[in-house]
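As structure tokens, the structure follows; a few thoughts come after it.
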């Protein structure tokens with residue numbers, strides 16, 4: 001008698017299109033990039049296919065390896081990746097998910113890039129890091145026209161050309177960041193790496209960096225103390241004569257998540273560098289990068305939420321308990337619909353921020369003010385919600401979700417990264433307060449956006465009134481920073497959802513803004529149209 005009959009198990013969620021997402025396409029068209037829909041769909045089909053899912057598995061199970069020296073004892077400072085990593089990177093760069101929007105003189109280019117990143121990133125999150133670093137490096141390099149002329153065309157190239165070679169001889173480049181030191185993470189002003197000016201105008205850097213993102217990149221933006229103060233520099237891995245720069249990889253970090261991607265401790269031993277933005281302007285220069293990478297943090301969090309919501313709904317459609325499919329049981333429907341609401345709110349605001357990036361890069365001053373405050377508050381809140389969302393989605397699968405083969409543990413481990421990267425919660429919240437104090441116009445821009453939905457929902461109107469009172473009260477604002485910024489983020493999401501008139505709007509306002517709203521997922525009010533919400537997670541194509 002057989003004791004191993006497999007029943008009531010859920011088919012693997014493969015061979016589907018990740019970009020079948022109404023919130024994504026609605027935002028894509030609303031933000032002026034509807035022309036990119038075909039390519040977004042193409043990437044969605046690739047990301048949901050078995051090949052990309054297998055690349056993702058292999059890239060995470062076969063982590064990067066540091067090769068510090070060759071067999072004869074010479075320093076090589078190479079990072080070796082599984083071929084699956086290169087396949088993922090090749091698709092991403094081939095579709096312009098890195099710096100190509102900076103070279104495309106077309107309205108909506110940054111929105112299109114955000115939508116494609118969102119669709120493709122659902123296959124694997126780790127390789128999104130070097131894509132984001134490369135994207136963020138361009139506006140900083142543009143502060144030095146000579147450097148931008150040398151590097152930007154290759155950074156924006158849609159050819160992935162891995163390996164350490166002299167940059168001008170490559171078909172494409174990727175960039176990394178090297179900021180954090182042992183004695184201070186977010187407090188970069190305490191950096192001790194020194195920069196000494198050479199006779200030819202270049203600099204020589206000496207110091208140790210505690211975290212360096214994507215250490216296999218071709219060039220890095222880094223901070224060091226120059227005679228004129230903390231400054232930003234670009235450090236190539238290979239010098240014009242073909243020799244390796246004095247940029248040494250000491251070890252790769254053993255991280256909680258983001259395991260397919262390499263992060264390293266490095267040492268500069270009088271490494272050749274070029275100044276970006278003038279001596280003493282390091283923080284100001286880096287802010288141009290942070291605005292871009294924080295946007296990608298929000299996109300990454302939204303991407304993870306969509307994966308979690310779709311996988312949880314897929315499981316519930318196929319798994320039966322107590323005589324019925326899980327998705328037909330009222331409390332599970334409440335939980336799943338709530339996960340969808342959170343996901344759609346994150347997606348909608350991420351694409352709105354991409355629209356602000358696009359329009360501000362084309363000279364729109366109002367959008368620049370809106371982006372300045374909205375990126376900070378949204379980075380704080382959406383990235384903070386990601387880990388909670390991943391945990392709830394995992395729980396929908398029960399014990400099966402706690403097993404590596406389900407893919408949910410990888411999603412869960414990855415979720416906290418974007419809340420820490422580019423400024424943890426406190427840093428993002430305090431940055432929002434600083435922006436409001438230094439640039440009052442950004443507060444006006446924020447409320448202009450929120451007030452576009454005034455009168456459409458009583459919870460939204462009440463929350464906006466309360467926020468205005470909170471902002472007018474100067475007492476202990478730093479102590480209250482998280483509460484203030486959370487309220488701002490929720491108001492922004494609510495305003496966008498209400499104006500879009502999607503099925504998520506009423507329940508979002510009732511649970512996220514009202515005083516009687518629930519705090520756990522699955523506390524939606526009676527009357528919520530769960531059928532409409534769950535229909536927005538149904539993937540196209542067959543499920544094996």
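Table for the structure above
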read-out	value
Gyration tensor (alpha-carbon) shape descriptor, region 1-140, a/c threshold 1.5	oblate
Stokes-Einstein translational diffusion, the chain - Kirkwood Rh over all Cα pairs, 0.692 mPa s, 37 °C, in µm²/s	137
Pairwise label distance in nanometres, residue 523 with residue 182, each label 7 Å out on the Cα-Cβ vector	4.5
Residue-averaged 222 nm ellipticity for the chain, from DSSP H runs of 4+ at -39500 (n - 2.57), nearest 500	-15500 deg cm²/dmol
Cα→Cβ-extended label distance, 7 Å offset, between residue 531 and residue 448, nm	4.3
Exposure proxy order (Cβ contacts within 10 Å, fewest to most) of 129, 232	129, 232
Rg [Å, one decimal], Dmax [Å, integer] - region 22-280, C-alpha atoms	18.7, 58
Helix 83-94 axis, angle to the chain major axis (alpha carbon atoms, nearest 10°)	90
285, 523 arranged by Cβ crowding within 10 Å, fewest neighbours leading	523, 285
Cut-off 20 Å (backbone N to label point 7 Å along Cα→Cβ of residue 388), residues of region 341-361	341-350
C-alpha center-to-center spacing [region 472-500, region 13-82] in angstrom	33
Rounded to 10°, Cα long-axis angle of helix 365-396 versus longest principal axis of the chain	60
Nearest-ten-degree value, helix 128-141 long axis tilted from longest Cα axis of the chain	50
Order of 366, 431 - criterion: other Cβ atoms within 10 Å of each residue's Cβ, fewest first	366, 431
Spread of Cα-to-Cα distances over 10 Å intervals beginning at zero, given as percent, for region 304-456	11, 31, 28, 18, 10, 1, 0
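No lab work stands behind these numbers, since they all come straight from the coordinates. Everything numeric in this text was worked out from a predicted model, so none of it was measured. A quick note on method: Cβ atoms are made from the backbone with ideal geometry, for glycine too, and the neighbour counts reach across all protein chains shown.
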